[in-house]
Amino acid sequence: MAGIDYRIVHEVPGRLRLHIPAMGQPGCEAAWLRAWMAAAAAVTEARANAPARTLVLRYSGGPAARAALLHRLGTFTPERVAGAGEDGVREAELAPIVTTLLTLAALPWLTPPLQLVLTMVNLGSKLTKGADTLLRKGIQKEVLDAVAVGLAAGSGRPYTANATDLLLSLGEYAERRTTRQSDRLLRRLLRPDPVMAAVERDGGPQHIAADAVRFGETLVIGPGETIPVDGHVLTGAARVSQSAVTGAERPLPKEPPARVIAGSVVLAGRLRVEASRVGADTTTARISRFVQAALERGSDNERRARDLAAQQAYLSLGTGLAVYGLTGQLSRLQSVFLVDYADALTLGVPVAFKSAMARAAERGVLLRGGAAIERLAAVDTLVLDESAGLTDSDLREDAASALSRLRALGIRRLVLVAADAPQQAAALAAALGVDAWHAEVAPAAKAELVAALRAEGCRVGYVGEDAAALGAADLGIAVARGADIVELGADRGADVVLLHQHPAALLVAREIAGKTMGLMRSNCAAAATMDTAILGGAVLGWLSPVASAFVHNGTTIATLLHARKGVAVDDAPRRPVTHQLAEPSDVLER
């Protein structure tokens, strides 16, 4: 399927409503299409309505952005985007909310029997979902919610039943929307904006889609244009920003025979570039695959959250039945059933991890999912391989400062591994302030050294390029040299990839991981405290079912929003004084 047909239904500045006849058909799923357009830099909001086959886009940037968005829509390809339409996070439908509001508005005009009929019709989907969940998965949150609203309706309280259903639907809508917004933080890494390329063919430049460029072809890139391939400069001179790829802010001068990477932007000047890596082999495509694989890897905290969700459902069930047995009050039973400790965990944990991955990527650090974040926050020993380049002479002062700050972030032991003679290794170790050093270390011995430290009880992170040592450590941290991101992230098993060769990147990675785990702990503690208070109020009869649903859903949504906001990072290390003299991303030219 090459592109899709569309029609502009309505348009005002900054907003487009499009009718897409193929939406909902195989290869044009609404969630995938919405995710594809949401990844565009100019888009501030994207909504897809599958039944109506419409797509609404809010954007900034004026006519140029509008043209780029329509071009992007025309290049849509039916590939699954991580986080889009998966794991039950579907396009949030407003229909249940609207239906319940209409039901509540109609109740005063109806006789009690008709009120009951209308209420049961409105609650039909929730009751059916609860029954289906019970049969397939056993006692889950959906089962208890269905029982709570069903009991209210069956006991002659249609207003309570519908109001509770409204709050549950609003909560589900807000939770799904927040989760999708967290996915959007990463989609620009997964699906970079398509760009056009000016290729020299048949004696002149031809404008074609970037993914149609062939190996060895010559491209012409001018000011404001995105470099669509990895390659080498043939002629010309320009200042190029690689911040969208590596996180390094300082533009780099490029002239023959410098290397350029896909996703970089020419700020001034003009270049003729020979393509050496195109399509799926470019740096941006490799980053996309790294992030895609990271999103598919589960973490210990995510698994624990799912296990806890199953346990908490039985806790709510047991508590509710005990309260009803002692008091005989259905309202208390319903209020208890509407409290679920696991909501904030099962949704908040992955949202926090995605936020951390996006925050790190902005700073030139790729994190291989939640498991990598957990291990990065837990390591207490770092083995620094001199071959990684973080301790080069022009960066040594910055490296010593970064290592000192790493100690403040919980790293208790720093070990230097060098191929140099003992005298040179000792001098470097003294300059860096490490705890131990090893000279003339052969490649095969690096993994043995890591294993020995782990045997002592250390949680070891290895920073280097040796595949065996990366695999032997609790956490493997690799430094990308040129366009070898996929090899470091997949073939060599690195959990973390630093996209530029500067010790500050290592500091940023540790800080983000540590603060993210702290954020998760504080969120979980706050949510558990609030839910315990809500449960207590429900047990004592202080909270009606409506109040219980309102306060519980509010707590869950607040937790999700806090997780999506992510952690604040001290960016000072990104711009050290020596950064003015030696740009770490120059390593990409080697």
_Within straight-line cross-link reach of residue 137, lysines at Cα separation under 21 Å, skipping those fewer than 8 residues along the same chain_ = 126, 129
_Once you compute Rg and the Kirkwood Rh from C-alpha atoms, what is the Rg to Rh ratio for the chain?_
1.04
*Quantify, in whole percent, the carbon and sulfur part of the accessible surface of the chain (1.4 Å probe; protein heavy atoms only).*
58 percent
*Relative contact order of the chain, pairs being alpha-carbon contacts under 8 Å that are 6 or more residues apart, as %*: 13 percent
*With axes computed from alpha carbons, what is the tilt in degrees of helix 158-190 against the longest principal axis of the chain, rounded to the nearest 10 within 0 to 90?*
10 degrees
*Considering only the other residues whose Cβ falls under 9 Å of the Cβ of residue 11, what net charge follows from Lys and Arg at +1 and Asp and Glu at -1?*
+3
_For residue 76, distant residues with modelled amide H under 5 Å away_ = 3, 4
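What full-extension length gain, to one decimal in nm, is calculated for residue 110 and residue 281 as 0.36 nm per residue of separation minus the Cα-Cα distance?
55.0 nm
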*Between residue 128 and residue 71, what is the spin-label point distance in nm, taking each point 7 Å from the Cα along the Cα→C-beta axis?*
4.5 nm
_Solvent-accessible area per residue for the chain (1.4 angstrom probe, square angstrom)_ = 42 Å²
*Under-5 Å amide H pairs with residue 240, H placed in peptide plane, nonlocal only*: 252, 254, 267
*So how tilted is helix 95-106 from the main axis of the chain? Cα-based, degrees 0 to 90, rounded to 10.*
30 degrees
*Order these peptides, 25-38, 498-511, by their mean beta-carbon neighbour count within 10 angstrom, highest first.*
498-511, 25-38
*Taking every DSSP beta bridge that has both residues in the chain, what percent is antiparallel when rounded to the nearest 5?*
75 percent
*asked:* On a straight-distance basis, which lysines could pair with residue 515 in a cross-link, Cα separation under 25 angstrom, same-chain partners fewer than 8 positions away excluded?
replied: 354, 565
*Output ³J(HN,Hα) for segment 197-202: one whole-Hz value per residue in order, computed from phi by the Karplus curve 6.51 cos²θ - 1.76 cosθ + 1.60 with θ = phi - 60°, and x for Gly and Pro.*
10, 9, 10, 7, 9, 6
_I need the phi-derived Karplus couplings for segment 430-447: 6.51 cos²θ - 1.76 cosθ + 1.60, θ = phi - 60°, integer Hz, Gly and Pro marked x._
5, 5, 8, x, 7, 8, 8, 9, 9, 9, 6, 8, 6, x, 5, 7, 5, 5
_Packing-based order for 211-217, 322-328, 225-231, using average beta carbon neighbours within 10 Å, highest first_ = 225-231, 211-217, 322-328
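The values are calculated or read from the model by the stated rules, or taken from the named source; none is laboratory data. Note that this is a predicted model, so its numbers are computed, not measured. Methodologically, a virtual Cβ is constructed for each residue, glycine included, from the backbone with ideal geometry; neighbour enumeration extends over all protein chains shown. Accessible surface areas use protein heavy atoms only, side chains included; no ligands, DNA or RNA. Shrake-Rupley method; radii C 1.70, N 1.55, O 1.52, S 1.80 Å.
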